[in-house]
Structure formats: structure tokens, C-alpha cells
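The values are calculated or read from the model by the stated rules, or taken from the named source; none is laboratory data. Just so it is clear, the structure is predicted and the values come from calculations on it, not from any experiment. Here the Cβ positions follow ideal geometry from the backbone for every residue, glycine too, while neighbour counts run over all protein chains shown. Note: accessible area is taken over every heavy atom of the protein model, side chains too, but ligands, DNA and RNA are not part of it. Shrake-Rupley method; radii C 1.70, N 1.55, O 1.52, S 1.80 Å.
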Amino acid sequence: MNTNYSFQIFKNTSLLPLEWNSLASENIFLTREYLKVLENSCPVNMTCHFIGFFEEKKLIGIALTQFLFAEKLESFGERDKCLKTSVRNFALKNFASHVLFVGNNMLTGQNAFAFAQNIKQAKAIKTLHKAISQLKKDLKASGKKVHITSIKDFTAKEVEPLQAEFKNNYTFSTQPNMIFEINKNWKSEQDYIDALSKKYRDQYKRARKKAEGIVKQKMSLSDIRKYEDVIYDLYFHVAKNAPFNTFFLARNHFSFFKEIMKDDFLLYGYFLDEKLIGFNTLIKNSDTMDTYFLGYDESIQREKMLYLNMLYDMIAYSIKKGFKEIVFARTALEIKSSVGAKPIKMYGLITHSNALINHNIARFFNYLEPKTDWQERNPFK
């Protein structure tokens, strides 16, 4: 019997099928609760859609899309001031200001979709293709033409079935996902320290000594609300000075995240002389710990090696709580490598609505994605 797959596009989480979470059991970033966080506190230049896939009336797949429109974005990143940056920003504003991401542009990794185990993969991916085409038509009908469509982030093996279906898309690879594998024999932070070579044990000791006087505090929902403006300002300072940005979080994002996700979302504040000078966030995702956004006072971060200490704190907590790995995501590749994270090459697919640009998409993509030169480290014995 040849059963057709169908799809339905949802604009808000209250309309999602009751059984939605049964397909998101292995990925918190596709659950109804997390999608509610996105829906209610996503960046001002982002609109989310949620896609359900069906065999007859049975839900067999779920997907997330994010439509970004750059005209509401004040800056694409202010760190690099050069001709190439100016050309890139011109290109973004004029040819790439409307981008449809199939997946989550706020995270690194395969957070685009999940299908039931017994489905026919090729047919499911074809139905995903149809759903994307329909969503682009819907957006165009509402006056929002999609310039670029990007499906992200996949390992080399994960991207293969997508390449077979999306033949006109350019396969790209950006900065790697930095993954920290936790040795199953480690039970404490000391086990991690003992595994480091002398050079990196000395780095650890130096960083910890520099951080003397800083008080770390696990922050409750009321704490986050109390310090919401300071937290946002610390986040915004870091985000604004990144080499490249396509969005900025809503001011209420962290408090709403904590309210909905409760103990699955952790925010730690770092205080010096009772003043909040930095914070980081973690998300428990099955047996994986995902790092999320952070912020700090730049002058104190350099003096106190605050960022490096945050990485050590994340590692210590994840070992103590028995997680298998930490997703450190992109950016700051070298310092993450210096604490033991390894690069995993990630791939995506991209296409442009303009046929001429799409024909030259590889060259165009080089303007959109800044190159990063870095040296991989191996801190272990």
C-alpha cells in the first residue's frame, strides 16, 4: 500500500498536535515547551513556523523554521571594520535580507527536524521540500519574499539524504561545532584536571587564581528578573562585538526561558564586589549539555580570564552531573579547543531565489560567511 505523506504549517504552539513531544523526546529544542520560548521571546527580526508531517492522520515528523528579516537589524556585527565587511553588509541588505532557515539559527547542530523511526526517509525529505516551498509561497503572499533558504546544521552523514532531494542547493560548511566528549571514567573536575598535560594544567591554575574574588551564583527566575537589564546589557555587548550577527535576542528571553523550561535551563551569574559582571547559560538536552548565550564586562573578563573560567565551570558541572558531552557550538574556537573541545565539521544547504546569484552562490556565500583562522589545541596528556 502506497501511503502519501502530508504536512501542516503552524504559526503558534497552541495549535501543535497533542502528540508533538513524542517525536521530540531526544531533542529538547524541538519540544513544544522550547518552541513556546521561541514563539514568545524570539529576536525582533525573526518569525517562527512549526511543521507537522503526517501519514494519514498520524504525526510522523516535526520541523522548525525561522524567517529572519534583516531590515529590523541595526548591525550585522561591529568588530571588523574593513572593505570586505562593507561589501558583505551591502550584499546582506540588498540580496539576503530575507532568510528562511530550516533549523535553528540560534543554535549549532541538527535542530531542524525529527521523524519517526519507521518512516520512508526519501519520501519524508521530499515532503519537507514541499512544505518549505509552500511556506515560501505563504510568506510571499504576505509581502515577504524569501531571498535565501538555508537548511542547517548537519554532519557529513546527516546531510546526504538532503543533498539527494535538494539538488539545486549549494552545500556549504561554516565554522565547526566544538564538542567536548566527557571521559566515562571522570567523576569529578579533579579527574579532568589530572588528564591535562602540564602546560594546560598550568593554564587551569592560572585562570582559577585570576578569578579569585569572583562569586558564582546559580540564578533563580526571580534573580534573573531582578538583573534582567544588566544581563541583557552584558549579552548585548558581547553579541554586538561579534564578527557577524543575524539577530539579537529579545530583552525578556532569559527570564521567559527560565519560566518555561525551569531546571532544564541554567543561568549562572558572576559577581565582583556584589556587582554582576558576567553570566553564562546551559541547557540540559537528554545526556548532552548545550551551552547557550553568555555575556561579560570586557575589561574585567580580560583581567580575570572570566570566559576561560566559565568554560571550566561548564565542564566541571557537566562531569559532576553525569552528562556524556558538551556542545560548545561555534565561535571562540581556539580557546574552546584549549580546554578539550574537538571540532566537528558541519554542513548546510543554501539556495537563492535569484537565478543569477544562485548560479554564483559559492562566491556570494564567501561574502556572507566570515572566514576564521585558528589553531587546534590538544590539552590532554
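See the values below:
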read-out: Scope segment 129-167; condition within 22 Å of the chain's Cα centre (by Cα) and outside any helix (DSSP H, G or I); matching residues; value: VAL146, HIS147, ILE148, THR149, SER150, ILE151, LYS152, ASP153, PHE154, THR155
read-out: Residue check for MET1: modelled with pLDDT under 95, over 22 Å from ASP287 (Cα atoms) and under 17 Å from the mean Cα position of the chain (by Cα); value: no
read-out: Residues being open to solvent by 70 Å² or more (accessible area, probe 1.4 Å) and either touching a residue at least 24 places away in the same chain (Cβ under 8 Å) or within 18 Å of PHE265 (Cα to Cα) (or both) - total across segment 5-21; value: 3
read-out: Complete set of residues in segment 240-268 that are surrounded by fewer than 21 Cβ atoms within 10 Å (Cβ to Cβ) and either within 17 Å of MET310 (Cα to Cα) or acidic (Asp, Glu) (or both); value: GLU259, ASP263, ASP264, LEU266, TYR268
read-out: Within segment 145-200, considering residues that are of a type in the set (Lys, Arg) and open to solvent by 20 Å² or more (accessible area, probe 1.4 Å), the one nearest to ILE326 (Cα to Cα); value: LYS184
read-out: Pair list, Cβ under 8 Å, 6 or more apart: segment 202-219 residue open to solvent by less than 30 Å² (accessible area, probe 1.4 Å), other residue in a strand (DSSP E or B) and of a type in the set (Phe, Trp, Tyr); value: MET219/TYR268; MET219/PHE279
read-out: Test for ASN185: is it closer than 27 Å to SER337 by Cβ, in a loop (DSSP other than H, G, I, E, B), at pLDDT 95 or above and in contact with a helix residue (DSSP H, G or I) (Cβ under 8 Å, 6 or more places away or on another chain); value: yes
read-out: Pick from segment 333-381, criterion surrounded by 17 or more Cβ atoms within 10 Å (Cβ to Cβ) and part of a loop (DSSP other than H, G, I, E, B), ranking: modelled with the lowest pLDDT; value: PRO370
read-out: Index of the failed condition, ALA207 passing every other in (1) in contact with a helix residue (DSSP H, G or I) (Cβ under 6 Å, 6 or more places away or on another chain); (2) assigned to a loop (DSSP other than H, G, I, E, B); value: (2)
read-out: Check on THR246, in contact with a strand residue (DSSP E or B) (Cβ under 8 Å, 6 or more places away or on another chain), assigned to a loop (DSSP other than H, G, I, E, B) and of a type in the set (Val, Ile, Thr); value: yes
